[in-house]
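No lab work stands behind these numbers, since they all come straight from the coordinates. Keep in mind that this is a model prediction, so the values were computed, not measured. Note: ideal-geometry Cβ built from the backbone for every residue, glycine included; neighbour counts use all protein chains shown.
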Protein chains: 2
Amino acid sequence: MAMDDLGGTALLARLTAEHRWEDVPEDVRHEGVRSFVNWLGCAIGGAPHAGVAAALRAAEMFGTGPAVASLPGLGRRADPATAALVNGISSHVLDFDDTHETALIHPSAPVLSAALALAEARGADGAALLHAFLLGVEVACRVGRAVMPSHYDAGWHATGTAGAIGAAAAAARLLGLDAQRCGWAIGMGATQPVGLRVHFGSMVKSLHPGRAAQNGLLAASLAAEGFDAAPDAIEGRRGFGEVLARGYAPERISEGLGESWEITGNTYKPFACGLVVHPVIDLCLGLRATEGFALAEVASVQLRVHPLVLDLTGKRQPTTGLEGKFSVFHAAAVALVDGAGGEREFDDARVRAPEVIAVRDRVEAVADPGCGRMEADVVLTMRDGRRISVTTTTPLGSLANPMSDEALSVKFLGLAEPVLSAAKCARLLERSWAMAEQKNLGWIATDA
Amino acid sequence: MAMDDLGGTALLARLTAEHRWEDVPEDVRHEGVRSFVNWLGCAIGGAPHAGVAAALRAAEMFGTGPAVASLPGLGRRADPATAALVNGISSHVLDFDDTHETALIHPSAPVLSAALALAEARGADGAALLHAFLLGVEVACRVGRAVMPSHYDAGWHATGTAGAIGAAAAAARLLGLDAQRCGWAIGMGATQPVGLRVHFGSMVKSLHPGRAAQNGLLAASLAAEGFDAAPDAIEGRRGFGEVLARGYAPERISEGLGESWEITGNTYKPFACGLVVHPVIDLCLGLRATEGFALAEVASVQLRVHPLVLDLTGKRQPTTGLEGKFSVFHAAAVALVDGAGGEREFDDARVRAPEVIAVRDRVEAVADPGCGRMEADVVLTMRDGRRISVTTTTPLGSLANPMSDEALSVKFLGLAEPVLSAAKCARLLERSWAMAEQKNLGWIATDA
């Protein structure tokens, strides 16, 4: 059968089953490593969250299998299904994980959480983990792009829907399934979408990638045991594309498959809040670092932003750290005062700090429908009437202006060092950057 | 807060948390018992299916917790999550389980599979199991009715979508959660819908209730541990009703809640095939039992049926037992020849039997859009020109003409006796009919 005759499910299944590690370009491998470093830091940094502990207790309520998979940041292991759930939650709960901008997916939380747990259980090496992860991201993001934007607009959280499909593909690859069974696994990922955007603002938002990772593991395990599925679950009648979206674009599955790589569209957040706030923070940090002025001189801080910024982060008077993440006013102020935009800048103390509030009260924002999503202006007006104006369309962390490897290392340490010893953090970071050469993965559970 | 001010999620949560067993009418309890008898027979009879064995191997691929929950028909136990998955599959795989006609749901496969596993793990008694099951069915079927028919038409398999919500409610009840946490559990069931009708015809159709049962268990376990969720996951913006259906009818959640009982709308199949074929089989059995004629005299068998009958079961020349279930021609013929419509009448041997084929070749069918879904005519034309015509709108097994308790017992034994000893079957049946008085549930794992 010619490739052209295959439907989307079969095309993705064949890629998953048959792609060769030797054919993964070096820059693609490196982007996979960058995603791993970012994911691991987020998982460690998120591990102390109350939702993670609750999920671990729930997953173990009825006992579990042998503890062979790591739970980064928790200093212990669990069985692979439990690890997939817990790590999917911990790596997403801070909203600091990666973003594929055209698929509108945070791909690593579902895909890596499944792949790492299974790779550890199977004694896989670093290259096998990376390859399965890259293929899972390819599947998740191509499916995501094929159903966007109507899928997200309808109310689905694609990280847990397309994410489950990608997790299934990654797990199927690690189990060494043939193309037919990879197709079953992908189809069983598609029939277990998680979940609904009504839950945004509750702990369930991060359950979505966690359960998606588990769903992917189950799908691949079932396929490995001969549990059969429809061969056209993505594109078929009453399949994923038709049922979960108004517009399904099959060419987004097939175009350049195996040649271009979705991982190269992945981005990493430099700042510990929603992406929509990043242009403003980036500009404020630049102002603080380079312009000669004292904050006391600033009479007003005027923002021009995309309308979504005020929709999502328009909280004028935040009172908690979490509320601070939904306040572009706080984000601008704390960046100007502290010169940073990490987790610490969004804790309760900084949101309530008088010196931050003093600046925050002088921030004004205007939503401009003509403003791009990655675009913002900041205008400082001094008490003497002087004005300083800056603008960006490519803030740090956007695809056009990505974080450097060094910046990702700094982000990793900022997340991990409050949780683990500095020595462990340094070892994890060094080995993670050399993931493709790791003969085994035991060091992750040992140190993380 | 007045009941009227509560949304659907909170109303269902309050009922789940606060309803009293003393307030369950006797006929409602008895219908719950009838559903249990039917479910247990289906689970035992379905246990030898290859998909059940594959799912059990997959679920245990990475080890499991203590084996405290029964796997009817398999002669062993598993941890509750594994049991929920496996029993949800085994009780649905024969397509012989119950049907709630207005919710378009097979409620027992997802809800009882979750409830029994948890009840066994918790050492609950028969009344607690029944009550949780009745409440879970109430939740599943009210949600199902609120989104029908657009939910099913869109391509969702409601048994695994609304079923997961019902399973979550039943599990939350057995864990003794308060109304707020029951609401979280219901909301987490809603965010894990399974699955897509594209999989009908593959093993994944029965994965849907199995995974739904597991999803319900996880949802309740998470809620019990304090994992919070949106309080309006059913009716809210970007919630289950809006995202998974075009029309959400909130009054179907609230009307008569706690007074009427959805279980009284549950029906049980007398025949081992799709419901659409039941009117024809019922008529053919009646003809064979009461009319004086020899099959050799019959020149033709003419059926008038609802159009869906030929859409779904129009296979003219089936060659396997499974294909026989999708052939109204075989169903009519084997009913006339054997005077029965059980699993045996849909095995490979009966589909290939010359005496059945001889009659099948004389069966003709006409789809009539004016024919009701539960309506059919059968006209026998004899070689001498004599005609015998019968018609029904209330075939055996429909809500208007339900199977008797005795008929359910016969069905149970027909399913269970090929799998378990006659003595075990008899004990299980006797104790199941007295479920409301059982002080514990250990006898299920012992005998089933």
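How about region A:205-275: which trypsin sites (Lys or Arg not before Pro) there lie in a loop by DSSP and see at most 14 other Cβ atoms within 10 Å?
Taking region A:205-275 and a limit of 14 other Cβ atoms within 10 Å, the loop trypsin sites (Lys or Arg not before Pro) found are A:237, A:246.
Would you kindly give the portion of the calculated P(r) for the protein assembly as shown that falls above 53 Å, as a percent of all Cα pairs?
Roughly 19 percent, rounded to a whole number.
Please give the charge dipole size of region A:275-392, origin at the Cα centre, charges +1 on K and R Cβ atoms and -1 on D and E Cβ atoms. Round to the nearest 20 debye. Don't skip to the end; give the middle numbers.
On the way: 14 positive and 17 negative charges, 31 e Å.
Computed about the Cα centre, the dipole is about 160 debye.
Only four residue types carry charge here, +1 at the Cβ of Lys and Arg and -1 at the Cβ of Asp and Glu. Report the dipole size of chain B about the Cα centre in Debye, rounded to the nearest 20.
Working: 39 positive and 51 negative charges, 227 e Å.
With Lys and Arg at +1 and Asp and Glu at -1, about 1100 debye.
Tilt of helix A:278-290 relative to the longest C-alpha principal axis of chain A, in degrees (0 to 90, nearest 10)?
Tilt of helix A:278-290: around 50 degrees.
From the phi angles alone, apply the Karplus equation (6.51, -1.76, 1.60; θ = phi - 60°) to region A:173-183 and give each ³J(HN,Hα) in whole Hz, x where the residue is Gly or Pro.
Each residue of region A:173-183 in turn: 4, 5, 7, x, 6, 6, 4, 4, 6, 4, x Hz.
Which residue fluctuates most in the GNM of chain B (Cα springs below 10 Å): B:255, B:120, B:101?
B:255
Starting from the Cα of residue A:417, step 7 Å along the direction of its Cβ; do the same at residue B:387; then give the gap between the two resulting points in nm.
Distance between label points: 9.2 nm.
What ratio of Cα Rg to 2.2 N^0.38 Å holds for region B:332-384?
The value comes to 1.30.
Name the residue farthest towards the positive end of the dipole of chain A from the options A:349, A:198, A:438, assuming +1 on Cβ of Lys and Arg, -1 on Cβ of Asp and Glu, about the Cα centre.
Looking along the dipole axis, the top candidate is A:349.
Nearest 10 degrees, 0 to 90: what angle lies between the long axis of helix A:80-90 and the longest principal axis of chain A (Cα atoms)?
Computed tilt is about 20 degrees.
Kindly put B:196, A:74 in sequence by how many other C-beta atoms sit within 10 Å of each C-beta, fewest to most.
Ascending Cβ contact count within 10 Å gives the list A:74, B:196.
So for region A:275-392, taking the charge dipole from beta-carbon charges (+1 Lys/Arg, -1 Asp/Glu), which of A:279, A:319, A:300 sits furthest toward the positive end?
Working it through, the farthest residue towards the positive pole turns out to be A:300.
With contacts defined as alpha carbon pairs under 8 Å and 6 or more residues apart, what's the relative contact order of region B:275-392 in percent?
Value for region B:275-392: 39 percent.
Looking only at B:41, B:247, B:187, which one moves most when chain B is put into a Gaussian network model with springs between Cα atoms under 10 Å?
B:247
Can you give the mean number of other chain Cβ atoms that lie within 10 Å of the Cβ atoms in peptide A:183-192?
5
Check the straight Cα-Cα distances from residue A:315 and name the lysines below 16 Å, setting aside those fewer than 8 residues away within the same chain.
Within the straight-line cut-off, residue A:315 pairs with A:325.
What's the angle, to the nearest 10 degrees (0 to 90), between helix A:108-122's Cα axis and the longest principal axis of chain A?
With rounding to tens, the tilt is 40 degrees.
Could you give the Stokes-Einstein D for region B:275-392 in µm² per second, using the C-alpha Kirkwood radius, 4 °C, 1.567 mPa s?
94 µm²/s
Net charge within 9 Å of residue B:344 by Cβ-Cβ distance, Lys/Arg positive one each and Asp/Glu negative one each, not counting residue B:344 itself?
Residues close to residue B:344 contribute a combined charge of -3.
Could you state, as a whole-number percent, how many of the C-alpha pairs of chain A are farther apart than 39 Å?
Percent of Cα pairs beyond 39 Å in chain A: 20.
Averaged across the residues of A:312-319, what count of C-beta atoms belonging to other chains lies within 10 Å of each residue's C-beta?
0
Show the residues, 5+ positions off or on another chain, whose built amide H is closer than 5 Å to the amide H of residue A:364.
A:301, A:302, A:303
Write down Rg/Rh for region A:24-177, rounded to two decimals, with Rg from the C-alpha atoms and Rh from the Kirkwood relation over Cα pairs.
Computed over Cα atoms, the ratio is 0.96.
Report, in deg cm²/dmol and to the nearest 500, the calculated mean residue ellipticity at 222 nm for chain B, where each DSSP H run with n ≥ 4 adds -39500 (n - 2.57) and the sum is divided by the residue count.
Estimated from H runs of four or more residues: -15500 deg cm²/dmol.
Just counting partner chain Cβ atoms within 10 Å, what average do the residues of peptide A:202-210 show around their Cβ?
Partner Cβ neighbours, averaged per residue: 5.
Within region B:255-339, report the chymotrypsin sites (Phe, Trp or Tyr not before Pro) that DSSP leaves as loop and that have at most 16 other Cβ atoms within 10 Å.
When the chymotrypsin sites (Phe, Trp or Tyr not before Pro) of region B:255-339 are filtered for loop state and at most 16 Cβ neighbours within 10 Å, B:293 remain.
May I ask you to derive the relative contact order of chain A, considering only C-alpha pairs under 8 Å and at least 6 residues apart, and to give it as an integer percent?
After rounding, I find 20 percent.
With springs only between Cα atoms under 10 Å, which of A:46, A:73, A:372 fluctuates most in a Gaussian network model of chain A?
Among A:46, A:73, A:372, the largest mean-square fluctuation in the Gaussian network model of chain A belongs to A:372.
Where nothing but the Cβ of Lys and Arg (+1) and of Asp and Glu (-1) is charged, how large is the charge dipole of the protein assembly as shown around its Cα centre, in debye to the nearest 20?
It comes to approximately 520 debye.
How many percent of DSSP beta bridges within chain A run antiparallel, rounded to 5?
Working: 21 of 28 bridges.
Of those bridges, close to 75 percent are antiparallel.
Using only the alpha-carbon atoms of region A:358-448, report the extent along each of the three principal axes, biggest first, to the nearest angstrom.
Ordered largest first, region A:358-448 gives principal extents of 60, 30, 20 Å.
Please name which of A:152, A:165, B:428 has its Cα lying farthest along the dipole of the protein assembly as shown towards the positive end, using unit charges on Cβ (Lys, Arg +1; Asp, Glu -1) and the Cα centre as origin.
B:428
Find, among the GluC sites (Glu not before Pro) in region A:279-336, those assigned to loop by DSSP (not H, G, I, E, B) with at most 15 other beta-carbon atoms within 10 angstrom.
A:291
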